[in-house]
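S.K.: Can you read through this structure? Questions will come right after.
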Amino acid sequence: MSPERSVPTTYPKCNPTEMLGLLVLLNSHKGSEDVALLADDLDLEIDEILPSLEYAEVLQLVKVTEGRATFTDLGKRLVQGTIRDRKGIIREQLRRTTLFRTLLRALDNSPDHCLSDEQLGQIVSFTTAPADEAVQNIVNWGRYADLFRYDAGQHRLVAVLTPASGRTGGNRPPPTGGPTSRGGGPVTEPRSARGRPASETTEPPPSGVVPVLA
Amino acid sequence: MSLIRIEHVDKSYASRHGTISIMQDVSFTVKDSDFLAIVGPSGCGKSTLLRLIQGLDRPSAGRIYFQDRPVDRVCKKMAMVFQSFALYPWLTVSQNVAFGLEALGWPEERIGPQVERYVSVTGLDGFQEAFPRELSGGMRQRVGLARALAVEPAVLLMDEPFSALDPLTAENLREEVLQLWRDPQLPPDAVLLVSHNIEEAIELADRVIVLSRRPGHILAEVEVTLPRPRDRKSAAFYELTDRVYSLITAGGQSLATAPAPEGAGRSGEAL
Amino acid sequence: MAKDEGTRPVVPAHLPNCSRGSALAGRPGPPAGCRKLLRWPSARWAAGIYVAVPLIFGGSLAATTGLSLGGLAGYLPQASLDTAYSFLRMLAAYALSLGFSLAYGYYAATHRSGERVMIPILDILQSVPILGFFPFALLFFADATPGSWIGPNFASVFLIFTSMAWNMVFGVYESLKTLPADLKEAADTFGLGGSLRFRRVLFPATVNRLVYNSVLSWTAGWFFLVEAEIFSTGRSPLPGIGSYLSLAASQHHGEEFLAGLVVLVTLIAFLDFAVWRPLGHWAERFRYDQAPAGEGGELTPTRDTSGRFRRAASYVTRGVRTGVTRIRTPLVQLAAIGGRSGRRPSERRRSLTYYATLGAILVVGWLLLIAIVVGVFDALTGPISGPVRHLIFEVPTAMGVSVVRVVVAYLLCLAIALPLAIQFARSRRASRLGLPVIEVVASFPATALFPVIVFELIPYLSAEGAAVLMLMTGMMWYLFFNVLSGIRSLPPDLEEAARSYGLTGRRFLRRVLLPGIFPALVTGSITAFGGGWNTLIVAEYLSVGGGGTGQSLSVLGIGQLIDIATELGQPGNPLMAVALLTLVATVIAINELIWKPLYRRAVTQYRYD
Ligand SMILES: Nc1ncnc2c1ncn2[C@@H]1O[C@H](COP(=O)(O)OP(=O)(O)OP(=O)(O)O)[C@@H](O)[C@H]1O
Ligand SMILES: [Mg+2]
């Protein structure tokens, strides 16, 4: 499956909670397990966990080599963190994907910081999956990671504006350099991380930009 | 110290053919910071037991005490999480989470921050203004969880909270519930989980109460001392599930719905 | 809800032209494009129709009769004033209905003992042609307040109320009864009681149905309002758009008449756009019959509200189902005892004895009641006068003629509605262009055109034809929208399967379509007949203007006898009583002996889910 991933053709249908479930499962297998055995543990077919695995791989939380899934350091840190830490890590990783960078930039550049379903559909139109499903999947992830809001009444994405910069959530914290360093900054907790220090944050992974999420 | 004491509880319902006994002589205690699971075949009265404990229904005989006081009306120090989520489609996520607080008569200005806190704790940030229909099953159950936790209950009652979810999502939510329960800064003190699924019960709970088929009575209380996270494939885990499984099959000799005993190796299956 | 919601979660299944509407239109198109298509254009389109339909109608009328627009404008102030009177009556009746339906529905749904009595009562009330009682109510209220404007207004508001309230009560009742148990239980576990429970849980649960049923109620309300006002012209002062129109028509003042139509259409269109469409959109969030949590949830509550009649029709269907399957009226219980003959009462198929008993009870009860009525009047007010006695003997014949007339009108409606609905379901284009037109036309009270029918069309149609035409306007839409919603809810795979077996044309119609829509057809027929009975009272006897200019329509029938009884005043009371009793008995007999059994068969035999 690895050769296919470099050429984005489909969006695997997967929720953040499903992918997290896979990571939790992998954790209970001591962080490294044969993919087939992982699936077997939940009485699932392999292809039922593949989408989650693919997402986890793209987000650099898991490495798959020769049919065996193993946590990356970041993945390990994720499963050890709290629910909020996990959300923060996914948020940062997601923000590095080409797709979300494109999306957030488009949000940023649109005059009212909104994108309609149709515009969103155009951005993700290079997939073969039914456009609506892909849109929904992306909206799910982006909302979960608190990168943007979705106004279901108006059918549009709405940027999360930070009061100071007036820029979209994709740019929080304020970029330290040019646009290419976006996402390279330190990871902070999502909003209202009350009572907990925002210290257990993640360092950016060595590679600056994650391949296209696909 | 015991948080909940259930003493010799019977429950029966009147029906056209006389009274049907649902539950007979059920007694156990729930201690502070207990994670207790109740398993048993379908229809053995697990849900009824939870309802009795919260005071939504009266036992036909026997007593139930919460913090040494008899439960004689709906106990607001307990909160329920439902298998079907039971979210109100016309309320947003925030409003759903605020639901219990409103019922408690909290003032508006305290409800807001409390809701924010529990929305955030359960990972629902960003979904505050969403309506339940926009959420996936896993996110919906998180709302159910946040709604229950927001009232800061001493006991969290969960009636098959994971059985409407897909396996991976359920796996994630199980872990998150455990995480929330173990966090000393967060409610609840104790969790009472009703489950169909023996593996799930053993994976999560400190103690598993095994009920017989109807009329339900306690077959055994099984202590689980395995370290967490628990490996479902370990021998110790296997042995425990086996034990619970054979208890149930033996306890209800005529348990028609149970698979043949040789299937015991896959005891994680729903009963 | 449709099954396809799970697989296509982004497009809710009730978007009429997408997943559902394609029942006969081949494969569903690309959902995204479909949604785009459905958004605002449909609203704009409907707005255009609101303007276009009256313009074309008025224009052609103006062209053929040589009316001037200036003359028309001169009548507008008076027409607006009269429409305002009518509107106030509607508002009063609606407020009453709303309060009543919430209280009655809430009580019936939450109290076991109340339910057992209240719902059967409601079932009888909704099947009885209330309009038949209007003359009686008019006399009653007018007598109670002689010479005052209060009496007739009271009667009219009461009448409109009866046309609005029942379906709203059923809406409230059913939405509370079908509210998932876990939602109630969640409120219990958090100890939510009292007014907070009502505000957060119970009232919201009723909103969706209330809004949709209100649309129906207002449509029915306008119909009855105009009918009542027409009826009252020349009898009691009841200023309003209905009396305005009938006066204008009786004097052959085309411009005056048109001005009235323009104002009425404008008001109805305004209400539709400013009130019902936004309300319908808003009410979507109060639906709780949504699909269970899918993979990714449902992102898009529908925006399209043009399908509200169909939605309303499907709610009516459910109402009828409750009426037929859950409610056992005292009458039915009685018959069930009589017809039990060793069978358990719960048995689905009722025996012939059962129906025989039911019929016998009805006939005997009817004769008995008439005897009592005649006896009472004889005793109280002296012997009934010869002419009235003679008319009383005419009642059975008149009833028979009326039944035939309603049946003829029904068959004509069916001949139009069925092909039309099939065409609309088949062709997405037709339904996109035509449906808004039909919805607009349907929301316009046909009664407003009755004066024209009487004054202009009788020469062409004959009195009999005019009567049937009026009846049809009161029956048509129930049939059409029910059939359409029936076709739309057919599972697409039924059609796919038929196609793959090469079943097409007539055979497809006979083997697949008609059986498939049979339940909806029966529901539509039940409601259409209800509408027909209610229209009888003006369709058979319409006399306006009086004197030399007056034109009147009078054909033998039960409606005519009721009207004559009203005109006779005091001495006509026995006739009124007998005629009303006969009408009610007939309606109940037809419902119990024909429609309800048919309906039961429809849901047991032709179910596809
Ligand atoms: N209000 C009631 N009246 C009569 N019988 C009832 C009532 N509530 C529950 N029962 C019966 O009591 C029995 C136990 O029900 P309960 O829901 O507690 O079982 P359960 O163990 O939760 O089953 P499941 O695993 O299917 O959820 C069932 O047979 C049910 O039919
Ligand atoms: Mg249960």
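The values are calculated or read from the model by the stated rules, or taken from the named source; none is laboratory data. Since we're looking at a predicted model, the values are computed, not measured. With ideal geometry, Cβ positions are generated from the backbone for all residues, glycine too; neighbour counts draw on all protein chains shown. Protein only, heavy atoms only, side chains kept; ligands, DNA and RNA dropped before computing areas. Shrake-Rupley method; radii C 1.70, N 1.55, O 1.52, S 1.80 Å.
S.K.: Quick one: A:MET19 ticks every box in (1) of a type outside the set (S, T, N, Q); (2) out of contact with any Phe, Trp or Tyr (no Cβ under 7 Å at 6 or more places or on another chain); (3) under 22 Å from B:GLU203 (Cα atoms) bar one, so which box is it?
M.R.: Among (1) of a type outside the set (S, T, N, Q); (2) out of contact with any Phe, Trp or Tyr (no Cβ under 7 Å at 6 or more places or on another chain); (3) under 22 Å from B:GLU203 (Cα atoms), the lone unmet condition for A:MET19 is (2).
S.K.: For the stretch B:153-164, give me each residue that is buried (at least 21 other Cβ atoms within 10 Å of the Cβ) and either within 16 Å of ligand 1 (Cβ to nearest atom) or over 15 Å from B:THR122 (Cβ atoms) (or both).
M.R.: Matches in the stretch B:153-164: B:VAL155, B:LEU157, B:MET158, B:ASP159, B:PRO161, B:PHE162.
S.K.: Of everything in the stretch A:31-46, what is of a type in the set (D, E, K, R) and either facing chain B (nearest Cβ under 8 Å) or surrounded by 18 or more Cβ atoms within 10 Å (Cβ to Cβ) (or both)? Give them in sequence order. Walk me through it before giving the result.
M.R.: Our first condition is that a residue be of a type in the set (D, E, K, R); within the stretch A:31-46, this holds for A:33-34, A:40-41, A:43, A:45.
Within the stretch A:31-46, A:GLU33, A:ASP41, A:ASP43 qualify.
S.K.: Which residue pairs have Cβ atoms under 6 Å apart, sit 6 or more places apart or on different chains, and have a first residue in the stretch B:136-160 that is within 14 Å of chain A (Cβ to nearest Cβ) and a second that is open to solvent by 10 Å² or more (accessible area, probe 1.4 Å) and of a type in the set (Ser, Thr, Tyr)?
M.R.: none
S.K.: Looking only at the stretch C:219-260, filter to residues that are under 15 Å from the mean Cα position of the chain (by Cα) and under 23 Å from C:PHE136 (Cα atoms); which one of those is modelled with the lowest pLDDT?
M.R.: Initial filter on the stretch C:219-260 (under 15 Å from the mean Cα position of the chain (by Cα)): C:219-227.
In the following step, the residues that additionally are under 23 Å from C:PHE136 (Cα atoms) were identified as C:220-227.
Details: C:ALA220: 85, C:GLY221: 89, C:TRP222: 90, C:PHE223: 87, C:PHE224: 85, C:LEU225: 89, C:VAL226: 87, C:GLU227: 81.
The selected residue is C:GLU227.
S.K.: What number of residues in the stretch C:441-467 are within 17 Å of C:ARG405 (Cβ to Cβ) and not hydroxyl-bearing (Ser, Thr, Tyr)?
M.R.: Of the residues in the stretch C:441-467, 12 are within 17 Å of C:ARG405 (Cβ to Cβ) and not hydroxyl-bearing (Ser, Thr, Tyr).
S.K.: List the pairs whose first member sits in the stretch A:122-140 and is within 10 Å of chain C (Cβ to nearest Cβ) and on the phi > 0 side of the Ramachandran plot, whose second member is buried (at least 17 other Cβ atoms within 10 Å of the Cβ) and modelled with pLDDT of 75 or more, and whose Cβ atoms are under 8 Å apart, counting only residues at least 6 apart or on separate chains?
M.R.: As it stands, the answer is none, since no pair meets every condition given.
S.K.: Quick check: is even one residue across the stretch C:192-199 aromatic (Phe, Trp, Tyr), more than 30 Å from C:TRP477 (Cα to Cα) and within 11 Å of another protein chain (Cβ to nearest Cβ)? Break it down into steps so the answer makes sense when it comes.
M.R.: Going through the stretch C:192-199, the residues aromatic (Phe, Trp, Tyr) turn out to be C:198.
In the following step, the residues that additionally are more than 30 Å from C:TRP477 (Cα to Cα) were identified as C:198.
Retained after the next criterion (residues that are within 11 Å of another protein chain (Cβ to nearest Cβ)): none.
Scanning the stretch C:192-199 turns up no residue that is aromatic (Phe, Trp, Tyr), more than 30 Å from C:TRP477 (Cα to Cα) and within 11 Å of another protein chain (Cβ to nearest Cβ).
S.K.: Further question: From the list B:LEU180, B:LEU135, B:LEU149, B:LEU145, which residue is closer than 23 Å to A:GLU48 by Cα and away from ligand 1 (no atom under 16 Å from the Cβ)? Give the steps one after another, and end with the answer.
M.R.: Numbers: B:LEU180 fails: closer than 23 Å to A:GLU48 by Cα; B:LEU149 fails: closer than 23 Å to A:GLU48 by Cα; B:LEU145 fails: closer than 23 Å to A:GLU48 by Cα.
One residue alone meets the criteria, B:LEU135.
S.K.: Something else about it: Against the definition (more than 14 Å from chain B (Cβ to nearest Cβ) and part of a loop (DSSP other than H, G, I, E, B)), how does A:ASP108 come out, yes or no? Don't jump to the end; show me each part of the working.
M.R.: Numbers: more than 14 Å from chain B (Cβ to nearest Cβ): yes; part of a loop (DSSP other than H, G, I, E, B): no.
When the stated conditions are applied, A:ASP108 does not pass them.
S.K.: Considering only the stretch B:168-225, how many residues are within 16 Å of ligand 2 (Cβ to nearest atom) and either at pLDDT 95 or above or open to solvent by less than 10 Å² (accessible area, probe 1.4 Å) (or both)?
M.R.: Of the stretch B:168-225, the ones within 16 Å of ligand 2 (Cβ to nearest atom) are B:192-198, B:200-201, B:209-216.
Within this subset, residues satisfying the condition of being either at pLDDT 95 or above or open to solvent by less than 10 Å² (accessible area, probe 1.4 Å) (or both) are B:192-195, B:198, B:201, B:209-212, B:216.
Final tally of qualifying residues: 11.
S.K.: Got a number for residues in the stretch B:50-95 being within 16 Å of ligand 2 (Cβ to nearest atom), charged (D, E, K, R) and assigned to a loop (DSSP other than H, G, I, E, B)? I'd like the intermediate steps shown before the answer.
M.R.: Initially, the stretch B:50-95 is screened for residues within 16 Å of ligand 2 (Cβ to nearest atom), giving B:50-54, B:56-57, B:80-86.
Going one step further and asking which of them are charged (D, E, K, R), we end up with B:51, B:57.
Then drop every residue that is not assigned to a loop (DSSP other than H, G, I, E, B), which leaves B:57.
Looking only at that region, the number is 1.
S.K.: Tell me which of these B:TYR118 doesn't satisfy, since it passes every other one: (1) open to solvent by 10 Å² or more (accessible area, probe 1.4 Å); (2) among the aromatic types (Phe, Trp, Tyr); (3) within 12 Å of chain A (Cβ to nearest Cβ).
M.R.: (1)
S.K.: I'd like the residue in the stretch B:32-49 that is buried (at least 19 other Cβ atoms within 10 Å of the Cβ) and farther than 20 Å from B:ILE248 by Cα and, out of all such residues, is nearest to ligand 2 (Cβ to nearest atom).
M.R.: B:PHE35
S.K.: A further question on this structure: Anything in the stretch A:9-26 that is within 11 Å of another protein chain (Cβ to nearest Cβ) and surrounded by fewer than 19 Cβ atoms within 10 Å (Cβ to Cβ)? List them, or say none. Walk me through it before giving the result.
M.R.: Kept after step one, since they are within 11 Å of another protein chain (Cβ to nearest Cβ), are these residues of the stretch A:9-26: A:13-26.
Selection gives A:LYS13 alone.
S.K.: Would you tally the residues in the stretch A:80-128 being open to solvent by 20 Å² or more (accessible area, probe 1.4 Å), modelled with pLDDT under 80 and of a type in the set (Gly, Ala, Ser)?
M.R.: Within the stretch A:80-128, residues that are open to solvent by 20 Å² or more (accessible area, probe 1.4 Å), modelled with pLDDT under 80 and of a type in the set (Gly, Ala, Ser) number 1.
S.K.: Which one of B:SER15, B:SER2 is away from ligand 2 (no atom under 16 Å from the Cβ), touching a Ser or Thr at 6+ places or on another chain (Cβ under 7 Å), farther than 15 Å from B:VAL210 by Cα and open to solvent by less than 60 Å² (accessible area, probe 1.4 Å)? Explain how you work it out, then say what you get.
M.R.: On the way: B:SER15 fails: touching a Ser or Thr at 6+ places or on another chain (Cβ under 7 Å).
Exactly one residue qualifies, and that residue is B:SER2.
S.K.: Got a sec? Which of C:ILE422, C:ILE384, C:ILE438 is outside any helix (DSSP H, G or I) and open to solvent by 10 Å² or more (accessible area, probe 1.4 Å)? Give the steps one after another, and end with the answer.
M.R.: Working: C:ILE422 fails: outside any helix (DSSP H, G or I); C:ILE438 fails: outside any helix (DSSP H, G or I).
None of the others qualify; the one that does is C:ILE384.
S.K.: So, one more: Test B:ALA98 against the stated conditions and say whether it is more than 11 Å from chain A (Cβ to nearest Cβ), more than 16 Å from ligand 1 (Cβ to nearest atom), within 20 Å of the chain's Cα centre (by Cα) and not in a loop (DSSP other than H, G, I, E, B).
M.R.: no
S.K.: Here's another thing I want to ask about it. Look through B:SER21, B:SER42, B:SER47 and report the one residue that is within 14 Å of chain C (Cβ to nearest Cβ), within 12 Å of ligand 1 (Cβ to nearest atom) and among the small types (Gly, Ala, Ser).
M.R.: B:SER47
S.K.: Can you tell me which residue in the stretch B:51-75 is surrounded by the most Cβ atoms within 10 Å (Cβ to Cβ), limited to those that are within 16 Å of ligand 1 (Cβ to nearest atom) and among the polar types (S, T, N, Q)?
M.R.: So, considering only residues that are within 16 Å of ligand 1 (Cβ to nearest atom) and among the polar types (S, T, N, Q), the one surrounded by the most Cβ atoms within 10 Å (Cβ to Cβ) is B:GLN54.
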